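Down below is the structure, laid out as structure tokens.
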Amino acid sequence: MAYSTGEGIVLRVAEANATDPGMSRVRLDEESRIALGVEIGDVVEIEKNPKKTVGRVFRARPEDENKQIV
């Protein structure tokens, strides 16, 4: 399970899918979406101190399920 901070979860950043750069896509596995209470198409904020950005939630690739990556 993804590590919870009380305000969100902690995931590792993985290399983007070839079609994703610049598209503001946040690919989350089912476990992470449930932990955050979000659905496909919702907008989420990503924080890596001190920077923040937002993106739209997309389904993770099948090979990335349960890997705790974004």
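The values are calculated or read from the model by the stated rules, or taken from the named source; none is laboratory data. Please read all numbers here as calculations on a predicted model, not as lab measurements. Using ideal geometry, Cβ is built from the backbone for each residue, glycine included, and neighbour counts are taken over all protein chains shown. Keep in mind that these areas ignore ligands, DNA and RNA; they rest on the heavy atoms of the full protein, side chains included. Shrake-Rupley method; radii C 1.70, N 1.55, O 1.52, S 1.80 Å.
With K and R counted +1 and D and E -1, the other residues having a Cβ less than 13 Å from that of Val44 yield a net charge of 0. Let me check I've understood the local charge: for Pro62, count other residues with C-beta under 14 angstrom from its C-beta, Lys and Arg +1, Asp and Glu -1. What total comes out? Result for the neighbourhood of Pro62: -2.
Computed over the chain with a Gaussian network model linking Cα atoms closer than 10 Å, the most mobile of Val38, Val13, Val26 is Val13.
Solvent exposure of the chain amounts to 75 Å² per residue of accessible area, where only protein heavy atoms count and the probe is 1.4 Å. When every Cα-Cα distance of the chain is counted in 5 angstrom steps from zero, the calculated P(r) takes the values 3, 17, 31, 30, 15, 4, 0 percent. Element breakdown for the chain at a 1.4 angstrom probe: carbon and sulfur atoms account for 49% of the accessible area. Note on the chain: with charges restricted to the Cβ of Lys and Arg (+1) and Asp and Glu (-1), its dipole about the Cα centre is near 260 debye.
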